[in-house]
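To start, the structure under review is shown below, and the notes come after it.
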Amino acid sequence: MTTIITLSLVVLVSLGIVLVDGECQTNGGPIDNCSAVLATIATTTIVYCDTNSGGGGWTVIQRRKDGSVDFKKRDWVEYEDGFGSLYGEFWLGLRSIHCLTSEGNWELRIDYHLFNGTKSYLHYKEFSVGPAEDQYQLSISGFDSVGLTDPFIYSHNNRLDGMKFSSRDRDNDLSSINCALSIGGWWYRSCGVVRLNNDYNDIITIYLNDQWHALPFIEIKIRPLNCNNQ
């Protein structure tokens, strides 16, 4: 089961942190809310919650399922603010992702489907995104998906932990070219093997267990670490 929770246009509430006019601010202490969101008064900004997978409590930050939304040809501001429809395909926005993960410990889950019908997921015990002044630097570790290689640290040249976000109009990768121009905004070192904002169903979306895959379905979600055990 999934639920849609309505939030204020300028306020995203998460464990005592709120996003107000693009800035994270303290909100009077922790909120005991495993899904990391809290309904407020207004109705114009919403987040999508997965209350089922792995015990539930997930806030979805990206979904792709039919190619109806362009993820690749987006500039820095669009990746910051978010785009798409929570009822279909969307990117929540770097500001909101940073705000959600700016306090406490968070885990990440990437559910995906392959064209052969396989359904699986990648899981990381530690995930956060830094503030705008650090170019939304990625922190990710603790991969524990049995039977899969970790694409975020596939090799030293492709290690994404510690990388800044890149878009077609802001090149923060270490490659001689701007990777985001050809494969969409993401955290890149040298264009890498994780390209989840590339063209929909591109055959080189992710490299898993020594093979490139297109992904007809992707859903990226986060929650406070161990919240399903609270």
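Any idea which of Ser141, Ser175 is of a type in the set (Ser, Thr, Tyr) and outside any loop (DSSP other than H, G, I, E, B)?
One residue alone meets the criteria, Ser141.
How many residues does the stretch 79-129 hold that are surrounded by fewer than 17 Cβ atoms within 10 Å (Cβ to Cβ) and touching a helix residue (DSSP H, G or I) at 6+ places or on another chain (Cβ under 6 Å)?
Total meeting the criteria: 0.
Of the conditions (1) within 18 Å of the chain's Cα centre (by Cα); (2) over 19 Å from Ile140 (Cβ atoms); (3) β-branched (Val, Ile, Thr), Ile177 clears all except one; give me its number.
For Ile177, the exception is condition (1).
Cβ contacts < 7 Å: first residue in a loop (DSSP other than H, G, I, E, B) and of a type in the set (Phe, Trp, Tyr), restricted to the stretch 88-106; second residue crowded, with 24+ Cβ neighbours inside 10 Å and modelled with pLDDT under 90, any location; separation 6+ or different chain. Result?
none
If Asp144 satisfies all but one of (1) surrounded by fewer than 16 Cβ atoms within 10 Å (Cβ to Cβ); (2) over 25 Å from Asn172 (Cα atoms); (3) acidic (Asp, Glu); (4) touching a Gly at 6+ places or on another chain (Cβ under 9 Å), what's the number of the condition it fails?
Only one criterion is unmet by Asp144, namely (4).
Mind checking which residues of the stretch 203-230 are touching a Phe, Trp or Tyr at 6+ places or on another chain (Cβ under 9 Å), loosely packed, with under 15 Cβ neighbours inside 10 Å and not aliphatic (A, V, I, L, M)?
Within the stretch 203-230, Phe217 is the sole residue that qualifies.
Looking at this structure, is Asp66 touching a Gly at 6+ places or on another chain (Cβ under 9 Å), surrounded by fewer than 15 Cβ atoms within 10 Å (Cβ to Cβ), closer than 23 Å to Gln135 by Cβ and at pLDDT 95 or above?
Considered against the rule, which asks whether it is touching a Gly at 6+ places or on another chain (Cβ under 9 Å), surrounded by fewer than 15 Cβ atoms within 10 Å (Cβ to Cβ), closer than 23 Å to Gln135 by Cβ and at pLDDT 95 or above, Asp66 comes out as no.
Please determine, by comparing only the residues of the stretch 181-202 that are hydroxyl-bearing (Ser, Thr, Tyr) and surrounded by fewer than 20 Cβ atoms within 10 Å (Cβ to Cβ), which one is modelled with the lowest pLDDT.
Residue satisfying both the conditions and the ranking: Ser190.
Of the conditions (1) part of a strand (DSSP E or B); (2) free of Cβ contacts under 8 Å to residues at least 40 places away in the same chain; (3) buried (at least 18 other Cβ atoms within 10 Å of the Cβ); (4) not aromatic (Phe, Trp, Tyr), Leu160 satisfies every one except a single condition; which number is it?
If we test Leu160 against (1) part of a strand (DSSP E or B); (2) free of Cβ contacts under 8 Å to residues at least 40 places away in the same chain; (3) buried (at least 18 other Cβ atoms within 10 Å of the Cβ); (4) not aromatic (Phe, Trp, Tyr), just (1) comes out false.
The values are calculated or read from the model by the stated rules, or taken from the named source; none is laboratory data. Everything numeric in this text was worked out from a predicted model, so none of it was measured. Quick reminder, even Gly has a Cβ in these numbers, built from the backbone with ideal geometry, and neighbours come from all protein chains shown.
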